[in-house]
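S.K.: After the structure tokens below, expect a handful of questions from me.
The values are calculated or read from the model by the stated rules, or taken from the named source; none is laboratory data. Everything numeric in this text was worked out from a predicted model, so none of it was measured. Backbone-built Cβ (ideal geometry, glycine too); neighbour counts: all protein chains shown. Heads up: the accessible areas ignore ligands, DNA and RNA and are worked out on the full protein's heavy atoms, side chains in. Shrake-Rupley method; radii C 1.70, N 1.55, O 1.52, S 1.80 Å.
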Amino acid sequence: MAAMFACCLGCCGDGGSGHIPLKEMPIVQLDTHHMGTDVVIVKSGRRICGTGGCLANAPLHQNKSYFEFKIQSTGVWGLGVATQKVNLNQVPMGRDTNSLVLRHDGSVYHNNEEKNRLPANSLPQEGDIVGITYDHVELNLYLNGKNMHCPASGIRGTVYPVVYVDDSAILDCQFSDFYHTAPQGFEKILFEQQIF
């Protein structure tokens, strides 16, 4: 019996200590492998500045995703969802079928068509938090935690959070530890292996 017990301990893959190392889960952040040529990503993959766009490093696989952006400095900017085929050097986005974005002027564009518009008195300003929900059909927008009732749809395929900047805009991405509570049923972005 003692020999069997010793064998079990000795078979545990790390020399017999009995500890199995846990694989650390990746952190959702802006992906420096999928960004425009004049984009600068800082603050551990959470802040974008320069000119152009950047995708997050995790696609939106789960049914209901939520993420936020804080406008640190105004200028030309946009945020939403996009496929990996989006042109990250083209500003503004929303000109083709590969992106669905809220632009700094309050318009929501996809395939060069205005899909919706924020109310005129609700345009995001410096310091504001823009929240986004996405359920594989519809993108919805929140301003400082308040639902803007500004749905938009039309994009197809696997999408990622996307953000673009120009004209001195600086935006921070928040993919967890949100400023505002996620709307009911929506949660932070999960990597595919976290879903199952």
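S.K.: Order the following by accessible area, largest value first: PHE178, PHE191. Probe radius 1.4 Å; ligands, DNA and RNA are ignored.
M.R.: Per-residue accessible area, sorted high to low, gives PHE178, PHE191.
S.K.: Which one of LEU102, LEU118, LEU79 has the biggest mean-square fluctuation once the chain is modelled by GNM with Cα springs under 10 Å?
M.R.: LEU118
S.K.: Mind putting a number on the dipole of the stretch 44-196 about its Cα centre? Charges go on the C-beta only, +1 for Lys and Arg and -1 for Asp and Glu, and I need it in Debye to the nearest 20.
M.R.: Computed charge dipole of the stretch 44-196: roughly 140 debye.
S.K.: List the GluC sites (Glu not before Pro) within the stretch 48-152 that fall in a DSSP loop (any state other than H, G, I, E or B) and whose Cβ has at most 16 other Cβ atoms within 10 Å.
M.R.: Values: sites: GLU68, GLU113, GLU114, GLU126, GLU138; in loops: GLU126.
Sites meeting the loop and neighbour criteria: GLU126.
S.K.: On the protein heavy atoms, probe 1.4 angstrom, tell me the percent of accessible surface of the chain carried by carbon and sulfur.
M.R.: Using a 1.4 Å probe with all protein chains present, the chain comes out at 49 percent carbon and sulfur.
S.K.: Here's something else I'd like to know. Send over the per residue convex hull volume for the chain, Cα only, as a whole number of Å³. Show your work: numbers first, answer last.
M.R.: Numbers: hull volume 28.3 nm³, N = 196.
Cα-based convex hull of the chain, divided per residue, equals 144 Å³.
S.K.: I've got another one for you. In Å², and per residue, what accessible area does the chain have when probed at 1.4 Å with the other protein chains present?
M.R.: About 52 Å² of surface per residue is accessible.
S.K.: For ILE189, what accessible area in Å² do you get when you roll a 1.4 Å probe over the heavy atoms of the protein chains, rounding to the nearest 10?
M.R.: Roll a 1.4 Å probe over it and ILE189 shows about 10 Å².
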